[in-house]
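**Student:** First the structure, which I've put down as structure tokens, then a few questions once you've had a look.
The values are calculated or read from the model by the stated rules, or taken from the named source; none is laboratory data. The model shown is predicted, which means the values in this text are computed figures rather than measured ones. Here the Cβ positions follow ideal geometry from the backbone for every residue, glycine too, while neighbour counts run over all protein chains shown. Ligands, DNA and RNA are stripped out before the accessible areas are found, and what is left, the full protein with its side chains, is counted by its heavy atoms. Shrake-Rupley method; radii C 1.70, N 1.55, O 1.52, S 1.80 Å.
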Amino acid sequence: ANISITMDNCTAPFWEAAKQERLEVPQCSQCGSFRMPPRPYCPVCQSQDVTWVQLSGKGTVYSFALCNRSPFTGEELHYVPVVMDLDDAPGIRLVSNLVDIDPAAVHIGLRALVSWSPIRDGWVLPIFRPLEE
């Protein structure tokens, strides 16, 4: 995949954890709110104090799209971008892709589990696969 990641001091812990196949998100040490995407100040209380929390990786499809063309080349390419509600981080959502599923079977409320897709140079991207519960 021709994907690049952009890191700064706020997002580096997310990508470093992903390299180890851990889904981690920042949680405010003051009020307990989760921050996603990672940013320097809590959106609720403006604190800069943060703790990185490892999540189970389980979630529910909040929204999705069915795409059939590459946004880069225009060639035929079927993929399913999703917005995931994460079970153990209420109030935040993660934008990702859903794989290993017939696009016709995708629906809001579908349960999924994080998985890891290599990008390059050891970096990985969190993606989701349907979850059998």
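**Student:** For region 64-92, which residues satisfy the criterion of being at pLDDT 95 or above and not hydrophobic (A, V, I, L, M, F, W, C)?
**Tutor:** Residues satisfying the conditions are 81, 85, 87, 88.
**Student:** Condition first: open to solvent by less than 40 Å² (accessible area, probe 1.4 Å), over 19 Å from residue 53 (Cβ atoms) and either part of a loop (DSSP other than H, G, I, E, B) or in contact (Cβ under 8 Å) with a residue 60 or more places away in the chain (or both). Now tell me which residues in region 102-116 satisfy that.
**Tutor:** 106, 109, 110
**Student:** Looking at (1) over 21 Å from residue 115 (Cα atoms); (2) outside any loop (DSSP other than H, G, I, E, B); (3) without any contact (Cβ under 8 Å) to a residue 12 or more places away in the chain, find the lone condition where residue 51 falls short.
**Tutor:** (3)
**Student:** Another question, if that's okay. For the list (1) surrounded by 14 or more Cβ atoms within 10 Å (Cβ to Cβ); (2) farther than 13 Å from residue 86 by Cα; (3) of a type in the set (A, V, I, L, M), I need the number of the one condition that residue 23 fails.
**Tutor:** All conditions are met except number (2).
**Student:** Condition (residue is of a type in the set (A, V, I, L, M), part of a loop (DSSP other than H, G, I, E, B), in contact (Cβ under 8 Å) with a residue 24 or more places away in the chain and touching a Phe, Trp or Tyr at 6+ places or on another chain (Cβ under 7 Å)) applied to region 82-98: is it met by at least one residue?
**Tutor:** yes
**Student:** A follow-up question, please. Are there any pairs, at least 6 apart or on different chains, whose C-beta atoms fall under 6 Å, with the first in region 20-45 and closer than 30 Å to residue 121 by Cα and the second open to solvent by less than 60 Å² (accessible area, probe 1.4 Å) and hydroxyl-bearing (Ser, Thr, Tyr), and if so, which?
**Tutor:** 38/11
**Student:** Is it the case that region 46-62 has a residue that's open to solvent by 70 Å² or more (accessible area, probe 1.4 Å), on the phi > 0 side of the Ramachandran plot and in contact with a strand residue (DSSP E or B) (Cβ under 8 Å, 6 or more places away or on another chain)?
**Tutor:** no
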